[in-house]
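Following: one structure in structure tokens, then a few remarks.
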Amino acid sequence: MKVIKYNKIEEDFFKYKEIEEIKVSRKIINDVRKNGDKALKKYTKQFDNVELDQIKISGIEIETAYREASKDETETIEKASENIKKFSKKQKNQFRNFEFEIKKGVITGQTINPINRVGVYVPGGNFPLISTFLMCAIPAQVAGVHEIAVASPPTFEGSIHPLILSVAYLLKITEIYKLGGAQAIAALAYGTETVKKVDKIVGPGNKFVQFAKKEVFGNTGIDFIAGQTEIMIIADETAEAKIVASDLLSQAEHDIDAVPILATTSERLAKLVLNEIKAQLEPLKTKSIAQSSLNKQGLIILLNNIEEGIELANKRGPEHLEIHIRESEKYSKELRNYGSLFIGKYSAEALGDYSSGLNHTLPTNTTSRYTGGLSVKDFLKLQTTLKVTEEGLKEIGPLAEKLSEIEGLHAHGESIRKRYEK
């Protein structure tokens, strides 16, 4: 890990990194729009080396996967689901229908409606990302989304990992497609003979998936464009080096492009953390990935005081932010930009990834400056209503007329004056 002082940080560290243009993703999207299922099967063969007979997973396959899962596995999924559902329900309670009489006879209102149809992208690979499935699908269900379609690449023995299918069974989701990459995003966004188009796509993925999401935005909604995963830990001399090191490693093992950052007021802690990382890396099964991430993106920033750490975090807006400092509750109130904040040594970032009920689909690449993580709100539409009586029209009509005259939109004013006419 590179060690630098706070005043030596270059301005690029705080800048949004533009997603690179990926022409192959654009080509795939256009092909899927034109040729539908035929294109889906072609790209699945090309990229996943799988000949698709059926694009959609059958109900029997979903149920069989659940029946063959161990009791420990299904109970673990159920317990994690329960916490995510509880947190999502609490979030939904913050969004309510209301009517409010702004002026006599002018009744304004808010109506909360769920999105009708949502697509969830669950990445494939060597490990089943069941937590991602849970954290994308459960808030949608709590919000009241009517239809949920799931796409995941057939990278497990030519199909989708059985534990992902077990999640589908537990959540009673029956629309699962053996599709990955840009072709999956295109199918969800535009529809094919087999796949019905969705209103919004959520879920993480590699750079091909992220660029595809950016390309289809507008035709369909998306959650956000996710960059490489990040953790920033602000620590003083009271922090425990072994805990700080383990949390940096837990993020570094995600990907060789993961960004693990420690910002500390203690040079002694920095040295201890470096030693701990070296020791903890040795037995790690994901050592090669974590080591690459630490060498490529790992950073230790030496602070003069905690205030510099607060400024650093607020300018950077990290995906995951941990604070291991004295008066953590006090300083936590000064932090504004982050995906999720973890306060104190017992609040491991990994708990946010798995079992606390928080959502781990979070903004990266400085975007927490303007958005939070995936939540129930992403599946709800806050729509407004207006009811005006004759008395209310007399209250606010003249004001609207004058504004229309100022803006030169005379038909606007005329549409109000017509209502005065008997």
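Only the coordinates and a few stated rules stand behind these numbers; no lab work does. What you see is a predicted model; the values in this text were computed from it and never measured. Counting neighbours? That spans all protein chains shown, and the Cβs are built from the backbone with ideal geometry, glycine included.
Quick notes
- If R0 is 30 Å, the Cβ-Cβ spacing of Lys56 and Lys377 corresponds to a FRET efficiency of close to 0.50.
- Selected from Ser250, Ala235, Ser404, residue furthest toward positive end of dipole (the chain; charges at beta carbon): Ser404
- When GluC sites (Glu not before Pro) are flagged only if DSSP places them in a loop and at most 14 other Cβ atoms lie within 10 Å, the longest unflagged stretch of the chain comes out as 52-156.
- Other-chain or far-sequence residues with amide H under 5 Å of Glu322's (modelled H): Met232, Ile233, Ile234, Phe342
- Charge tally in the Cβ shell below 10 Å around Lys38, where Lys, Arg are +1 and Asp, Glu are -1, Lys38 excluded: 0
- Computed [θ] at 222 nm, helices only, for the chain once each DSSP H run of length n ≥ 4 contributes -39500 (n - 2.57): -14000 deg cm²/dmol
- Per-residue Cβ neighbour rank within 10 angstrom, fewest leading, Met135, Met232, Met1: Met1, Met232, Met135
- HN-Hα J in Hz across the stretch 139-154 - Karplus 6.51, -1.76, 1.60, θ = phi - 60°, x for Gly and Pro: x, 5, 5, 5, 5, x, 4, 6, 10, 10, 10, 10, 10, 8, x, x
- Shown for the stretch 280-422: lysine pairs separated by 8 or more places, or found on different chains, whose C-alpha atoms are under 21 Å apart, numbering 13.
- For the stretch 329-389, trypsin sites (Lys or Arg not before Pro) are listed when DSSP marks them as loop and at most 15 other Cβ atoms sit within 10 Å of their Cβ; the list is Lys333, Arg336.
- Reported label for calculated mean projected area of the Cα convex hull in nm² given (1) 26.0; (2) 31.3; (3) 20.5: (1)
- Sorted by Cβ neighbour density within 10 Å, fewest at the top, the residues Tyr190, Tyr370, Tyr338: Tyr370, Tyr190, Tyr338
- With a cut-off of 15 Å between beta carbons, the residues surrounding Lys23 carry a summed charge of 0, where Lys and Arg count +1 and Asp and Glu -1.
- One decimal place: the segment Lys103-Glu21 gains 24.4 nm when fully extended, by the rule 0.36 nm per residue minus the C-alpha distance.
- The stretch 1-91: trypsin sites (Lys or Arg not before Pro) in DSSP coil with no more than 12 other Cβ atoms inside 10 Å: Lys15, Lys17
- Residues whose placed amide H lies under 5 Å from that of Gly119, excluding near-sequence neighbours: Ala149, Asp199, Lys200, Ile201, Val202
- A simple rule links phi to the HN-Hα coupling: the Karplus curve 6.51 cos²θ - 1.76 cosθ + 1.60 with θ = phi - 60°, which for the stretch 221-236 gives x, 9, 6, 6, 8, 8, x, 5, 5, 9, 9, 10, 10, 9, 9, 10 Hz, with x for Gly and Pro.
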